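Reading through the C-alpha cells given below for one structure.
The values are calculated or read from the model by the stated rules, or taken from the named source; none is laboratory data. On a predicted model such as this, the values are computed, not experimentally measured, just so you know. Virtual Cβ from ideal backbone geometry, glycine too; neighbours counted across all protein chains shown. The accessibility values were calculated without ligands, DNA or RNA, using every heavy atom of the protein model including side chains. Shrake-Rupley method; radii C 1.70, N 1.55, O 1.52, S 1.80 Å.
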Amino acid sequence: MSRRLITARSIALAAVAAPLLLVAVVLAAVLSPWAWIAVVVLPIGWVWAQVVILLQVPAISWAELPEELAIRRGRMWRSLVTVPYGRIQYVDLESGPLLRALGMATITVNTASPESSGTVPGLPTQVAEELRVRLAARGEAKRAGL
C-alpha cells in the first residue's frame with residue numbers, strides 16, 4: 001500500500017468532520033448550550049478516527065500467490081480473503097478525484113460470490129494498472145482450463 005492512502009483518508013475524514021464541527025458550533029451559539037457537548041465530542045471522535053486510519057492503512061497487504069490472490073486487512077479484527085484466479089470474473093480499477101490527485105487507484109477483484117471478492121486500496125496508479133492486467137489474464141487463463 002502507498003503511505004499516501006493515509007493522506008487520502010485523512011483528507012476525506014476532515015472533509016466530513018469540519019462541516020459537522022462548524023454546524024455544532026453554530027447550533028451551540030444560537031440554540032442551546034447543550035450543543036457544546038457536540039463541539040467537544042466531535043474533535044475527540046476526529047482524533048480517534050485519525051488514530052484508526054494510522055493503524056488501519058499499514059495493516060492492509062496483498063500477495064499474488066501461485067493459485068490465488070491473498071488480501072489481508074485489520075489489526076484487531078483480521079481478515080484474509082483469498083481469491084482463486086479461476087473464479088475471477090472481472091477486475092475493476094477505480095480512482096476518484098482525490099486518489100487521482102495523489103497518484104493512487106483501487107483494484108476490485110469481482111467473483112460470482114461477494115464473500116470471495118476483494119479490494120486492494122491505495123495502490124500507485126502504475127502498479128494498479130499492471131496488477132489489473134495480470135489478474136485479468138490469470139483469471140482468463142484459469143477459467144479456460146475448466
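Which value, in Å² and to the nearest 10, is the accessible area of residue 30 when all protein chains are kept and the probe is 1.4 Å?
Surface accessible to solvent at residue 30 totals approximately 110 Å².
Mind checking the angle between helix 4-30 and the chain's longest principal axis? C-alpha axes, 0 to 90 degrees, to the nearest 10.
Long axis of 4-30 versus the principal axis of the chain: about 30 degrees.
Which residue, chosen from 29, 96, 55, occupies the Cα position most advanced towards the positive end of the dipole of segment 1-118, where the dipole is computed from +1 (Lys, Arg) and -1 (Asp, Glu) charges on Cβ about the Cα centre?
29
In degrees, nearest 10, range 0 to 90: what is the angle between the Cα axis of helix 36-56 and the longest Cα principal axis of the chain?
That works out to roughly 20 degrees.
Averaged per residue, what accessible surface does the chain expose to a 1.4 Å probe, in Å²? Mind dumping the intermediate values first?
On the way: 8790 Å² over 146 residues.
Here the residues of the chain average 60 Å² of exposed surface.
Please report the carbon-and-sulfur percent of the accessible area for segment 15-146; probe 1.4 Å, protein heavy atoms only, DNA, RNA and ligands left out. If you can, show how the numbers build up before the last one.
On the way: 5550 of 8050 Å².
It is 69 percent, rounded to a whole number.
Any chance you could give the angle, 0 to 90 degrees and rounded to 10, that helix 125-144 forms with the longest Cα principal axis of the chain?
Helix 125-144 and the main axis of the chain meet at about 40 degrees.
Answer with a single label: of (1) 7.8; (2) 8.6; (3) 10.5, which was calculated as mean projected area of the Cα convex hull in nm² from the structure in view?
For mean projected area of the Cα convex hull in nm², the calculated option is (3).
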